[in-house]
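Visitor: Here it is, the structure in full.
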Amino acid sequence: MLCQPIHVLNDASMPIEADDKFEMNKVSDEETASLSARSSLINPSRHKREESFLVPKQRWWIIYVLISLVVIALVIGLSIGIVMKRELESNEIESTKPSAYPSSYPSISSRPTQQPSYLPSLSNQPSTSQAPSSYPSNKPSISMQPTLRPSSHPSSQPSDRPSNSPTNTVPHFIPNVSTLNNQIIVGYQGWFSYPGDGAPINKWKHWFSTSTNGDATIENVDIDMYPLMDEYDERDLEVSNIKLNNGELAKFYSNWKFRTVLKHFEWMEEYGISGVFHMRFMENIDKHKNHDWKTKVLHNVRRAAQHTGRVFAVSYNIAGRSLNDSVLDDLKNDWIRLVDNEKITESGRYLRHNGRPVLRIYGIGFVDVNVSDTSRLAELIEWFKNGADPKYRVFLIGGVPTGWRERVHDARSEEEWTTIYQSLDGIHPWHVGRFATLNGFDTYFRNIIAKDAELCNELGILYMPTMYPGFSWHNLNKNYQSKNIERREEGTLQMVPPINSIPRLGGKFMWSQAYKYASDPNINTIWMAQFDEVDEGTAIFKVAKNVPNEGQWLTLDIDGLQLPSDWYLRLCGQAQQMMFGNIELSESIPIEP
């Protein structure tokens with residue numbers, strides 16, 4: 001049970017280093033000049049000089065004027081200070097404006113009419129009138145989408161991205177914070193750090209293996225993809241001992257730095273991505289340093305979402321090897337602290353659905369997860385939905401195994417788990433690695449995903465499938481095996497998987513999922529795995545061609561296609577437009593590299 005003191009890191013009181021300050025709300029030059037002018041009016045020395053020319057009967061009038069001017073100046077200064085403080089604390093973009101999307105959706109007939117042959121006939125699906133109101137099964141038509149504005153890319157183009165391609169213009173929009181419908185939300189790990197970044201953990205995290213004290217060498221690399229570092233602030237990067245192909249030393253970022261997280265959210269805004277589920281791992285969160293680190297990153301996510309108009313929500317992970325059923329109490333207490341101390345759900349950009357903040361808990365019902373007490377889990381679900389004080393209640397999504405519906409394969413087999421799944425507001429199966437080819441996905445979609453989605457629609461449960469671009473975790477497994485000598489000697493460890501174990505096929509693998517999900521009337525929400533997951537090679541953010549000259553690395557051209565560093569950001573943005581109905585349903589990728 002968590003018993004560590006909580007350090008409130010809200011936007012108003014969060015300590016920010018001098019090099020971390022982000023001037024989001026500067027006073028204009030005109031305001032500064034105006035304040036200077038007011039200041040000169042009440043300069044005491046000036047008035048003292050002028051008083052020598054006045055007769056005594058006039059001095060009381062001058063004193064009255066001076067006092068009045070001082071009071072007026074104080075009132076004006078205080079008003080300006082309050083306004084600036086509120087903007088710096090919240091920067092709530094669009095929070096008071098009308099929703100970008102309508103609350104009602106047109107009938108399914110208004111969507112693109114192309115229907116894939118592998119889907120059941122619409123006549124066999126539940127009618128719109130029968131679908132529960134909590135989970136409408138319609139996507140809006142093109143005419144009901146908000147006015148979109150063209151994106152202007154930064155003037156300084158990174159070297160491994162084309163600079164003048166017309167396809168680099170993507171639509172911007174402010175996503176609807178009040179619904180998951182028709183949204184693609186990306187998973188955001190935000191778990192990277194380096195020694196000296198200011199974080200209390202003060203070490204390399206996730207970039208390198210900790211088996212040899214986390215030394216930043218090629219032997220200890222834990223990632224398969226090297227991010228493009230050109231657009232980050234140099235002050236927020238740390239140099240390693242690894243050489244790149246161009247002879248420079250590889251640099252790495254930290255999510256402790258606000259500017260780093262802001263850059264990621266600026267990319268989401270630029271490429272038309274709605275927002276994130278930010279991972280909050282429960283393992284070791286009871287340790288003071290880990291809690292403070294994870295909470296500061298969550299605050300960075302909140303501020304970046306508010307600054308860019310993206311949405312965000314918390315996603316707990318209870319699948320750690322050291323965790324057991326007691327983590328359920330720890331999770332509840334942590335959520336209470338996030339609501340009470342961090343005011344996390346008071347943000348105008350915290351994602352909501354059916355009027356409640358959205359919360360996801362990953363690790364429910366897995367065979368290899370140690371949380372298995374269905375009674376305690378049922379109590380927690382009931383608390384989140386009905387038993388808690390209204391301010392703690394949520395729209396609860398369960399991150400569940402792919403075999404949840406039939407309680408097979410990666411899912412626990414006891415009947416009680418069916419009751420658990422059906423008590424959730426939303427179901428999110430983790431599909432990463434469950435299919436590895438285009439044909440494999442066709443079969444998996446037909447036999448598993450489409451049936452899952454149909455059942456959830458009948459039960460009034462939101463269904464959110466996982467979309468991912470490919471998979472590769474060669475270096476992570478290499479270092480894991482080096483740390484498990486006993487298991488290696490016993491022969492219980494599998495072989496180290498090759499680099500690019502599930503090829504991206506230049507985006508075709510990801511787009512085939514986007515097309516089928518957008519075509520299914522029972523699917524209205526998609527989880528995009530993941531924004532920044534370079535450990536397992538599912539990252540969609542900008543990655544570099546100029547990689548280290550040693551070791552094995554997954555680059556975007558590994559499948560023989562020359563792709564720009566932002567290719568998968570662009571694909572995700574296009575998939576979002578297809579979900580909106582702003583572009584036609586298309587089996588082929590609608591843009592060129």
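Read-outs throughout are calculated quantities, based only on the coordinates presented, and are distinct from any laboratory measurement. Because the structure is a prediction, the values reported are computed rather than measured. With ideal geometry, Cβ positions are generated from the backbone for all residues, glycine too; neighbour counts draw on all protein chains shown.
Visitor: Among residues other than Asp425 whose Cβ falls under 11 Å from its Cβ, what is the net charge (Lys/Arg +1, Asp/Glu -1)?
Guide: Details: positive: Arg356, Arg360, Lys385, Arg393; negative: none.
Spelling it out: positives minus negatives among the neighbours equals +4.
Visitor: Once the piece of chain linking Thr437 and Val75 is laid out straight, how much longer is it, given 0.36 nm per residue of separation minus the C-alpha distance between them?
Guide: Details: separation 362, 0.36 × 362 = 130.32 nm, distance 6.68 nm.
Here the answer is 123.6 nm.
Visitor: Next question, about the same structure. Label-point separation (nm) for Asn324 and Asp557, each offset 7 Å from Cα along Cα-to-Cβ?
Guide: 5.3 nm
Visitor: Measuring from a point 7 Å past the Cα of His288 along Cα-to-C-beta, which residues in the stretch 327-343 have an amide N at less than 20 Å?
Guide: Answer for this model: 334, 337-338, 341-342.
Visitor: In terms of modelled amide H atoms, which long-range or inter-chain residues lie less than 5 Å from the amide H of Val358?
Guide: Counting only residues 5 or more places away or on other chains, the set is Leu351, Arg352, His353, Phe395.
Visitor: Around Phe192, with a cut-off of 9 angstrom between Cβ atoms, what is the net charge of the other residues, counting Lys and Arg +1 and Asp and Glu -1? It would help to have the intermediate numbers written out before the result.
Guide: Details: positive: Lys205; negative: Asp532.
Around Phe192, the charge tally is 0.
Visitor: Also, I was wondering about something else. Extension gain Thr419-Trp61, at 0.36 nm per residue separation less the Cα-Cα distance, in nm? Don't jump to the answer; show the numbers that get you there.
Guide: Numbers: separation 358, 0.36 × 358 = 128.88 nm, distance 8.12 nm.
That pair, Thr419 and Trp61, stretches by 120.8 nm at full extension.
Visitor: So, one more: Karplus couplings for the stretch 575-584 from phi (6.51 cos²θ - 1.76 cosθ + 1.60, θ = phi - 60°), rounded to Hz, Gly and Pro as x?
Guide: 3J(HN,Hα) across the stretch 575-584, in whole Hz: 4, 4, 5, 5, 5, 5, x, 7, 10, 5.
Visitor: In nanometres, what is the gap between the two model label sites at Leu455 and Asp340, each 7 Å from Cα along Cα-to-Cβ?
Guide: 3.9 nm
Visitor: Please compute the modelled spin-label separation between Ala378 and Val239, points set 7 Å along Cα→Cβ, answer in nm with one decimal.
Guide: Between Val239 and Ala378, the label points sit 6.1 nm apart.
Visitor: On a full-extension model of 0.36 nm per residue, what is the gain between Asn549 and Ser588, subtracting their alpha-carbon distance, rounded to one decimal in nm?
Guide: Details: separation 39, 0.36 × 39 = 14.04 nm, distance 3.45 nm.
Stretched out fully, the Asn549 to Ser588 stretch lengthens by 10.6 nm.
Visitor: Given a Förster radius of 25 Å and the C-beta distance between Asp230 and Asn202 as r, what FRET efficiency does 1/(1 + (r/R0)^6) yield to the nearest 0.05? All intermediate terms of the calculation are to be shown ahead of the outcome.
Guide: Values: r = 27 Å, r/R0 = 1.06.
That gives a FRET efficiency of 0.40.
Visitor: Send over the Kirkwood Rh of the stretch 327-383, from the inverse of the averaged 1/r over different Cα pairs, rounded to one decimal Å. Before the final figure, lay out each step's value.
Guide: Values: mean 1/r = 0.0771 Å⁻¹.
Mean inverse Cα-Cα distance, inverted, gives 13.0 Å.
Visitor: Scan around Tyr463 for amide H atoms under 5 Å from its own, H built in the peptide plane at 1.01 Å from N, and keep only partners 5 or more places away or cross-chain.
Guide: Amide H to amide H, under 5 Å and 5 or more residues apart or across chains, Tyr463 pairs with Ile427, Asn524.
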